[in-house]
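Q: Okay, handing you the structure first.
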Amino acid sequence: MNQIFDRITIDPAICNGKPTFRHKRIAVETILEFLSAGESTAEILRQYPSLDAEDIHAALGFATELMRLNYEIRMAA
């Protein structure tokens, strides 16, 4: 677990506080979108050479941890 959160940082001054990789301006959300669209790890790494395969795995681990939380759907006013 430490490996995941060592690679994922949240800083209000970077990308409006969205989770990013090691204080870079690459949002975890962006990489997850590429993965969900079927993009390969190799292609993502080609497009973002400052990342490495462990960053991709950390993004998936981070998303998995978020899904472990409990959620409640409420009607908006």
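The values are calculated or read from the model by the stated rules, or taken from the named source; none is laboratory data. Because the structure is predicted, anything quoted here is derived from the model rather than measured. All Cβ positions, even for glycine, are placed from backbone atoms using ideal geometry, and neighbour counts span all protein chains on display. These accessible areas exclude ligands, DNA and RNA; they are computed on the full protein's heavy atoms, side chains included. Shrake-Rupley method; radii C 1.70, N 1.55, O 1.52, S 1.80 Å.
Q: Name every residue in the stretch 4-50 that is open to solvent by less than 40 Å² (accessible area, probe 1.4 Å) and in contact (Cβ under 8 Å) with a residue 40 or more places away in the chain, in order of residue number.
A: Ile4, Ile8, Pro19
Q: List pairs: first residue in the stretch 56-77 and closer than 20 Å to Pro19 by Cα, second residue open to solvent by 100 Å² or more (accessible area, probe 1.4 Å) and not polar (S, T, N, Q) anywhere in the structure, Cβ distance under 9 angstrom, at least six positions apart or on different chains.
A: Here the result reads Ala58/Asp6; Gly61/Met1; Glu65/Met1, each pair linking the stretch 56-77 to a residue that is open to solvent by 100 Å² or more (accessible area, probe 1.4 Å) and not polar (S, T, N, Q).
Q: Return the residues of the stretch 51-77 that are crowded, with 17+ Cβ neighbours inside 10 Å and charged (D, E, K, R); say none if nothing qualifies.
A: Asp55
Q: Another question, then. For the stretch 26-77: of the residues being of a type in the set (Asp, Glu), part of a helix (DSSP H, G or I) and over 10 Å from the mean Cα position of the chain (by Cα), which is farthest from Arg7 (Cα to Cα)?
A: First pass over the stretch 26-77, keeping only residues of a type in the set (Asp, Glu): 29, 33, 39, 43, 52, 54-55, 65, 72.
Filter again for part of a helix (DSSP H, G or I), leaving 29, 33, 43, 54-55, 65.
Cutting the leftovers down to over 10 Å from the mean Cα position of the chain (by Cα) gives us 43, 54, 65.
On the way: Glu43: 20, Glu54: 8, Glu65: 14 Å.
Among those residues, the one meeting the criterion is Glu43.
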